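The values are calculated or read from the model by the stated rules, or taken from the named source; none is laboratory data. Source: prediction; values computed, not measured. Here Cβ is always computed from backbone atoms with ideal geometry, including for glycine, and neighbour counts include all displayed protein chains. Accessible surface areas use protein heavy atoms only, side chains included; no ligands, DNA or RNA. Shrake-Rupley method; radii C 1.70, N 1.55, O 1.52, S 1.80 Å.
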Amino acid sequence: MIRSYELDPSSRLNRFPFTWFPFNLVRKMIVLIRRLYCIVMNHVSRSIRLQLILTFCICLAASSMLYGISYNLFGEMRSRAVIDYQYGIEQIDSEARNMARGLNSQPPDEDEAFAEEANPIPAALHRQKEFEDRVKWMVGDQKYKVLVTDLEGKVIFRSSNAAETNVDIHNVISNAMNARTDREYDRKEFSSFYPVNYNGQKSYLLVSGIPEPHITYMKGDSPMPILGAIALFIFLFYFLTQRKMRYVEELAGGLRIIATGNLDYRVIERSDDEFGSLARDMNLMVEDLQRRIEEERRNERLKNELITNVSHDLRTPLTLIMGYLRLLHDKGYETPEQAEGYIGIAYNKSEKLKLLIDDLFEYTKLSNRDVPLYKKGVPINDVLDQLLEEFVTLAEEQQLTISRHIPKEKLYVQIDVDKMIRVFENLLANALKYSLKPGTVTVTVARDHRYVTIRVSNRSDMLADNELQQLFERFYRVDTSRTSNTGGSGLGLAIAKSIVESHDGSIWAEQDSGQLHFYVKLKLASAGI
């Protein structure tokens with residue numbers, strides 16, 4: 001399972017003496033950053049969506065870095081050789097620019113005066129001579145053609161290999177601009193022009209020539225960078241998500257194992273995110289299903305026991321009744337008094353049979369919640385006082401004393417009085433029947449916040465834990481040798497439990513120090529409801 005990140009990382013920093021100004025500020029920044037990191041990681045660990053988003057971002061960043069590096073190394077590759085005239089165009093343009101710079105250069109007045117004193121030839125004539133020498137070199141070695149025109153295009157200077165007397169300046173400018181931007185320039189004359197000051201006159205310098213061709217290689221984009229980036233993204237995403245995918249496969253395998261009927265299998269909760277929640281829900285589902293199946297089996301077993309017990313408890317009195325009736329029918333008696341005795345026994349057994357059938361019918365209706373409840377607000381104190389008065393004589397006949405601890409405060413409950421009296425009658429009758437004689441039966445009423453608890457206690461033999469838990473099951477008797485003649489129908493406590501639960505209350509039994517305690521807990525209601 002993913003561990004929770006520590007939200008108080010400052011403990012590790014306390015060992016460093018961050019007390020001076022720059023250091024304590026750095027310490028606070030470190031603590032803040034670590035706190036934010038822990039908070040973010042805790043949220044990420046609880047959400048599979050955030051984990052997938054973070055994984056996607058990491059893979060995208062890594063693949064982008066690989067694409068950038070590989071594109072610089074292997075992004076371009078040679079595709080075919082082409083003849084490039086751009087270098088020749090740039091060379092012609094460079095020569096024209098240098099010549100224009102030489103014509104347009106104006107030395108300072110002091111330097112020009114010094115030059116005129118040192119050399120009787122004026123500086124302007126000197127620049128003119130240098131220009132002409134440069135033109136001769138270009139015509140002889142570079143095979144370039146040089147023209148100088150006025151602003152209207154009339155030629156005022158030309159090289160020896162030029163024959164033009166007039167030039168269309170606008171056409172020259174347009175062709176020069178197109179040649180600089182045309183990547184598919186063919187082998188044809190190119191003209192570069194610059195404005196110059198020629199002999200004190202504003203002019204245009206035109207240098208024309210055939211550009212020198214160069215062989216270059218046209219490069220295209222290589223597919224390797226994008227393919228490498230995609231491959232890295234897929235590999236990283238697979239590598240970072242394989243743990244989660246294995247967990248998904250583990251959950252799916254757990255479901256298949258559970259589907260085969262192995263309800264003891266539990267999947268492992270390995271994370272705090274939605275997959276971990278799914279594992280917890282699966283385990284809870286299996287536990288609930290296992291509990292339901294066990295409860296169903298238990299109900300089936302109890303149903304079989306119910307049929308067996310009902311058959312036994314009905315057959316015994318019915319057999320006796322039939323036996324005595326047969327004796328009466330066959331005149332199997334000697335005196336009328338003996339016949340009257342047979343009739344009395346048959347009648348008593350019929351009453352017991354009727355009581356057993358009535359209890360069984362009432363328990364069935366209460367278990368299925370088919371009996372309507374007529375609830376009203378009554379003080380439970382008064383109900384118990386009246387009921388206990390009826391049991392005082394019965395208790396004295398069995399050498400028992402009833403001790404009551406009932407507060408004077410009126411504790412109102414919303415109950416069906418007749419049904420609830422049946423509950424306490426069963427509890428008191430059970431206490432009188434199975435209490436050790438002589439002894440005391442204690443009835444205690446206590447308030448517990450919004451509830452009232454009634455306790456019926458008597459001294460009895462200690463019961464085993466499983467026997468204590470089964471007291472409220474139908475037809476359960478602690479002494480299995482008891483029959484309906486000595487131990488009752490076995491439905492009294494089961495009926496009491498059904499009645500209390502239909503009132504949204506609870507009933508249970510405890511024992512300590514030789515005392516058996518039955519508790520009934522009901523919710524208090526407002527007075528007079």
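Scan ASN381, ASN348 and give me the residue that is assigned to a helix (DSSP H, G or I), at pLDDT 80 or above and closer than 30 Å to THR444 by Cβ. So that I can check it myself, show each step before the final result.
Values: ASN348 fails: closer than 30 Å to THR444 by Cβ.
Every option except ASN381 fails the conditions.
Residues in the stretch 52-77 that are more than 14 Å from LEU236 (Cβ to Cβ), of a type outside the set (Val, Ile, Thr) and in a helix (DSSP H, G or I): GLY68, SER70, TYR71, ASN72, LEU73, PHE74.
Quick check on GLU269: is it modelled with pLDDT of 85 or more and open to solvent by 90 Å² or more (accessible area, probe 1.4 Å)? No; evaluated as a whole, the condition is false for this residue. Looking across LEU373, LEU355, LEU436, one residue alone is touching a His at 6+ places or on another chain (Cβ under 9 Å) and open to solvent by 40 Å² or more (accessible area, probe 1.4 Å). It is LEU373. State whether the residues of the stretch 33-40 include one that is at pLDDT 75 or above, open to solvent by less than 50 Å² (accessible area, probe 1.4 Å) and not in a loop (DSSP other than H, G, I, E, B). Within the stretch 33-40 (the criterion being at pLDDT 75 or above, open to solvent by less than 50 Å² (accessible area, probe 1.4 Å) and not in a loop (DSSP other than H, G, I, E, B)), the answer is yes, since at least one residue qualifies.
Based on this model, can you work out whether ILE226 counts as closer than 30 Å to ARG101 by Cβ and open to solvent by 50 Å² or more (accessible area, probe 1.4 Å)? Full working, then the answer.
Values: closer than 30 Å to ARG101 by Cβ: no; open to solvent by 50 Å² or more (accessible area, probe 1.4 Å): yes.
So ILE226 fails the test.
Based on this model, can you work out whether TYR333 counts as outside any helix (DSSP H, G or I), touching a helix residue (DSSP H, G or I) at 6+ places or on another chain (Cβ under 7 Å) and aromatic (Phe, Trp, Tyr)? Yes: the conditions hold for TYR333.
Of the residues making up the stretch 406-420, those that are modelled with pLDDT under 90, outside any loop (DSSP other than H, G, I, E, B) and open to solvent by 50 Å² or more (accessible area, probe 1.4 Å) number 1.
Taking the stretch 408-442 as the range and being more than 27 Å from LEU355 (Cα to Cα), in contact (Cβ under 8 Å) with a residue 40 or more places away in the chain and not polar (S, T, N, Q) as the test, the residues that pass are LYS410, LEU411, TYR412, VAL413, GLY439. Looking only at the stretch 142-166, residues that are in a loop (DSSP other than H, G, I, E, B) and surrounded by 13 or more Cβ atoms within 10 Å (Cβ to Cβ) come to 7 in all.
Quick check, is PRO195 at pLDDT 80 or above and under 60 Å from the mean Cα position of the chain (by Cα)? So PRO195 fails the test.
Has the stretch 245-266 got any residue that is at pLDDT 85 or above, open to solvent by 90 Å² or more (accessible area, probe 1.4 Å) and in a loop (DSSP other than H, G, I, E, B)? The answer is yes, given that some residue of the stretch 245-266 is at pLDDT 85 or above, open to solvent by 90 Å² or more (accessible area, probe 1.4 Å) and in a loop (DSSP other than H, G, I, E, B). For ARG270, are the conditions met, namely being touching a residue at least 60 places away in the same chain (Cβ under 8 Å) and over 30 Å from ILE345 (Cβ atoms)? The answer is yes for ARG270. Close contacts from the stretch 163-179, counting a first residue that is charged (D, E, K, R) and a second that is open to solvent by 60 Å² or more (accessible area, probe 1.4 Å) and not in a helix (DSSP H, G or I), with Cβ to Cβ under 9 Å and a gap of 6+ residues or different chains, come to GLU164/ARG158. Scanning the stretch 194-221 for residues that are open to solvent by 20 Å² or more (accessible area, probe 1.4 Å) and over 16 Å from GLU90 (Cα atoms) turns up PRO195, ASN197, ASN199, GLY200, GLN201, LYS202, TYR204, TYR217, MET218, LYS219, GLY220, ASP221.
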